[in-house]
Amino acid sequence: MKKYIGLFLAGLMMSSCVDTILVPYDKTVEEDYWQSKADVSQMVNGTYKQMLSTNFIQRLITWGDFRSDELTIASALNVTNTVSTGLTQMESGNIETTNTFADWASFYSVINNCNIILEKAGNVRSIDPNYTDGDYQADCSQMLALRSLCYFYLVRAFRDVPYSTTAFMMSSQPMNIGQEAPETVIDNCIKDLETALPNALSANAYTDWRNKGYINRDGICALLADIYLWRASVNHSAADYQKCVDYCDEVIASKKQQYESGSQSSKVDNALGGYPLTDGVSSFYDLFVKQNSTESIFELQFNGSNNSNEGICQLYNMYKKDTKPGYMEATSGFSSASNTSVYTNKYDYRLINNRFELAKGSTSETFGVRKYVSNSNVNKTDPSGGGWTGTDRAYSGYDQNFIIYRLTDVMLMKAEALTQLAPSDVAEGASDEEKATVKASQESYLHDAFRLVQVVNNRSLYNYTDSMTWAKTNQTKSGMEELVLQERQRELAFEGKRWFDLLRYNYRHMNGVNYSQMLADQGQSQVENSKEFLDILRAVSSKAVMASKTKNEAYLYLPVLEGQIKVNENLKQNPVYKSKGLSKN
């Protein structure tokens, strides 16, 4: 009888001389599997479960946020291990090729599971009549979407990554796959998602946690909008910005329809422009305590009993049981409301919702992350009276979901794309008529973008009279670009978004990026990062050193893990990293 292992693949990097089969732990041979609808369902659910691993969750945060101006190493942390060492390297700009966060295995494990289901599930239709073509198409839609989501994260973290749609069922299969340029991977993701969309689960398919826990049509549209926004920023493509707007509009329309057809007893506040958003005093509870809010689109589901979100707990709350800090805390920009801080309005609920008044174990003015940590609602109607300490979760039974997409994220994606679609000012020699036409078009786009930002901002304010106004806004394309970037930080702080937001901003201010060629093939000739992007990092003292070493595009990305290169001769290292030891400074 063949031996078996669980749902695992070590990063598509090695071969073995012993045949083992990738099936769930309670199945011993592949021949006994793929016989029923239940078998397929078990594999589909197993794919979602893989995304709950500590390694997977911690990379969502570390890749997507830690290198930005939002998070820093906890001041009271007194431990040296692979995680703390990895974070210290990242923050100092001295990333080694052995850094634990350069390990992409947890993402390729999910990808391979998707590939297995896409290859094997079709045959079950002829064996089990209960497994209908509709079931099969819905399962394939989810697997195409999850695979694309994983590849999208990998591209944004590493740039040049191995790409495969082959199901590796046997550990003896050769897995020495080389990387692809990011343009190829992104293009394939878009094709897969647009293939998945017609057969996607309806946003109303379930009335329980699965409505947010399975990636449905709204989730796929949100992911497509995100990918098009990324590609548009890299390539400066108006067509891609428009595709982002189109997919955002699909999600927004769906959310409005769900709200209008639901059992909500009250109308949406006029200040929220018809968008179905929870009011600010309740939004933290709905989104991050109660969870699976009507605003939410796709969340990774934890129940605290047979799964616990140790990834979030260790980073934000406590790195092990009965210890004071997690690995990370908020940067100084979250200290208080001011013109130079993240939150500029003292009546913004998010200031006291998103961070604790004082970081654990610290007597100095440092601030722990409250979002994803506190399991109590804010009981202050007026947020201007000071910070919030509240209560936080125990290490065990940590039942906090991780949100991948929610409505305000999509609204602000649309605002970002609309801003970039606004025409630039015409040349000095243009006629008055041409100038007037361009000015009117520009103002239309920018005002539409502003209104989305204003709605998101309004919902979190104690008093709408303190809301931002169009008259007081910098009504230029660059001014609106910065306003959208700032509002995304206020709204989505600590959710694994900020570093990727900054990378898009950086790419829009860069010229000459070759996204169709791998970095290793470009050698040392790299496009320099924009001053605007680096200035944002330099504004936070803990990130200033890193900013000084982030010279060009290649420094934005992590190295390929040294151990993976040793066993896979087809992998090429990012040229700014030495094969061993520290990265070049």
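The values are calculated or read from the model by the stated rules, or taken from the named source; none is laboratory data. Quick caveat: nothing in here was measured; it's all calculated off a predicted structure. Note that we place each Cβ from the backbone using ideal geometry, even for glycine, and neighbour counts take in every protein chain shown. For accessibility, only protein heavy atoms count, side chains too; no ligands or nucleic acids. Shrake-Rupley method; radii C 1.70, N 1.55, O 1.52, S 1.80 Å.
Points to keep in mind about this one:
- Top-ranked residue in the stretch 288-314 [being charged (D, E, K, R) and open to solvent by 20 Å² or more (accessible area, probe 1.4 Å); ranked as farthest from the chain's Cα centre (by Cα)]: 290
- Test: residue in the stretch 264-278 that is among the charged types (D, E, K, R), open to solvent by 20 Å² or more (accessible area, probe 1.4 Å) and modelled with pLDDT of 85 or more: no
- Criterion (of a type outside the set (Lys, Arg) and at pLDDT 95 or above) met by exactly one of 4, 48, 25, 33: 48
- Within this structure, residue 351 fails the test of being modelled with pLDDT of 65 or more, aliphatic (A, V, I, L, M) and surrounded by fewer than 24 Cβ atoms within 10 Å (Cβ to Cβ).
- With respect to (1) under 26 Å from residue 503 (Cβ atoms); (2) crowded, with 20+ Cβ neighbours inside 10 Å; (3) basic (Lys, Arg), the lone exception for residue 191 is condition (2).
- Every listed requirement among (1) among the polar types (S, T, N, Q); (2) within 30 Å of residue 315 (Cα to Cα); (3) surrounded by fewer than 21 Cβ atoms within 10 Å (Cβ to Cβ) is met by residue 460 save one, (3).
- Residue count for the stretch 55-109, restricted to those that are among the aromatic types (Phe, Trp, Tyr), more than 16 Å from the chain's Cα centre (by Cα) and part of a loop (DSSP other than H, G, I, E, B): 0.
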